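What follows is a single structure, written as structure tokens, with notes after it.
Bear in mind that the values in this text are calculations on the coordinates, not laboratory data. Just so it is clear, the structure is predicted and the values come from calculations on it, not from any experiment. Positions of Cβ are generated from backbone atoms using ideal geometry, with glycine treated the same way; all protein chains shown enter the neighbour counts.
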Amino acid sequence: MELEAVDLLKYFTVYKNAYKKSAELIDAFYNSPSEEGYILPPMEEWEDQEGLRRNPRIEYYRDHPELDRSIFGGEVFKDFKARYPEDKVKPDDTAYPLIVDLLEVFEAVNEDYKKRWNLDINVIQHAPLELRYYQGPQGLGPHSDFMGYRNLHPNYTHQLRDDHLEQEAPYNQTFTYNVYLNDDYGEGGALGIMRYVKQKDGTYTSEGAPEAMHKPMAGDIIMFPCSFPYEHWMTPIGEGVRRFMVNGNAVQDSPPAWQFD
């Protein structure tokens, strides 16, 4: 698989037009069968007003002794080799081949990303894919998905669930990979990322922190660290439009210290 990769900041890589079936997958969100036995769960009534969030039913799970799954409330991790059991695949499930194809693309960019940045990490799980859209003028404020280094954060204002805070080391979410399925969402919708700067006394500051932004086009896959000292955000999209994407996250067997390099 040929990949056109562009590095915009250390560990922040855009794979341009890596997924070729964006329009078909958006159509599948709404029109694929979603009853019992299909890969997509039925859409809830609220989703068409507040933002679609659907996890494909990929039934291949594996546990790892170094990962505490209790803070997630169940089996939520998958492997890129995950497949719906063959005896359950229905011939009219139009979403199934699209999800399988996307898993293969995600696997390729994940491997390229680790080699590209020489990441000697053990990715033990992948959180399940989440199909979603943002409804304009929605945006997303600066945040890190893994907040295990909150004692180092110069401006720690994130709201976490109590059970996350009780963990000595919250789940080791290490990097994010998103595929963007459309680009007709107005002037906004750019993904921004910033890396806090370490000072001589060991503290961190946003002064002089390097930043990069990318406005995703249909088919783009963006990969970036989701742990402090990195933060990411999304500028508000246009009024009355939607930006469709599929979100995934990698989980490693130890806190993601490589992001401090």
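Listed values, structure above:
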read-out	value
Peptides 12-18, 182-188, 205-211 ordered by average Cβ neighbours within 10 Å, highest first	12-18, 182-188, 205-211
Per-residue ³J(HN,Hα) for the range 30-35, Karplus 6.51 cos²θ - 1.76 cosθ + 1.60, θ = phi - 60°, Hz, x for Gly and Pro	9, 10, 6, x, 9, 7
Sequence of 245, 234 once ranked by neighbouring C-beta atoms within 10 Å, starting from the fewest	234, 245
For residue 90, net neighbour charge (Lys/Arg +1, Asp/Glu -1) across residues whose Cβ lies under 13 Å away	-4
